[in-house]
Protein chains: 2
Amino acid sequence: MLPKLPDFSLSFEQQFDLQKYQQLVKDIPRPELENLFIQVIRLKMAQENLAKGVIKDCLIQQADPNSFNTT
Amino acid sequence: MLPKLPDFSLSFEQQFDLQKYQQLVKDIPRPELENLFIQVIRLKMAQENLAKGVIKDCLIQQADPNSFNTT
């Protein structure tokens, strides 16, 4: 019933960025690192909500293709 | 042209979890915190790719509503 899950493996650019962050993180002072850690989790949560909303809208639209145009 | 962006503000539960993490993070040893920080960024990237894929599929389906069923 559900559409195939899109590929979510990391691109080479993302893998490169991750390796860069792995080096940079060593120089971040502890209080700043704690703060950044929380901020990334906050972003991840917001992104998750956004993705869930988009998926919901998409499923609603599959059920009724005119639902976006009538509101 | 684009559908309205879904609400991505944090739920009360997520805000509560964040406050909990803000306390817990203080007790995580530095090397472990660095590792967790990178892991969260990695997860965020994968989630971003997944969301982009879902949005793309959704837009393709809007252009051709039969595209999911014919493959």
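Working note: Karplus 6.51/-1.76/1.60 with θ = phi - 60° gives region A:8-14 the couplings 10, 5, 6, 6, 4, 5, 5 Hz, where Gly and Pro are set to x. Report, in whole Å, the centroid distance computed from the Cα atoms of region B:19-57 and region A:1-55. Taking the Cα centre of region A:1-55 as reference, the centre of region B:19-57 is 5 Å away.
Across the protein chains, with a 1.4 Å probe defining accessible surface, the residues B:Leu33, A:Leu36 rank A:Leu36, B:Leu33 from largest area downward. Across region A:23-33, rounded Karplus estimates of 3J(HN,Hα) from the backbone phi angles (6.51 cos²θ - 1.76 cosθ + 1.60, θ = phi - 60°) give 7, 4, 4, 5, 9, 7, x, 3, x, 5, 5 Hz, Gly and Pro being marked x. Heavy-atom accessible area with a 1.4 Å probe sorts B:Ile41, A:Ile55, largest first, into A:Ile55, B:Ile41.
The values are calculated or read from the model by the stated rules, or taken from the named source; none is laboratory data. Since this is a predicted model, take the numbers as computed values, not measurements. When the accessible area is computed, the model is the full protein with side chains, heavy atoms only, and any ligands, DNA or RNA have been set aside. Shrake-Rupley method; radii C 1.70, N 1.55, O 1.52, S 1.80 Å.
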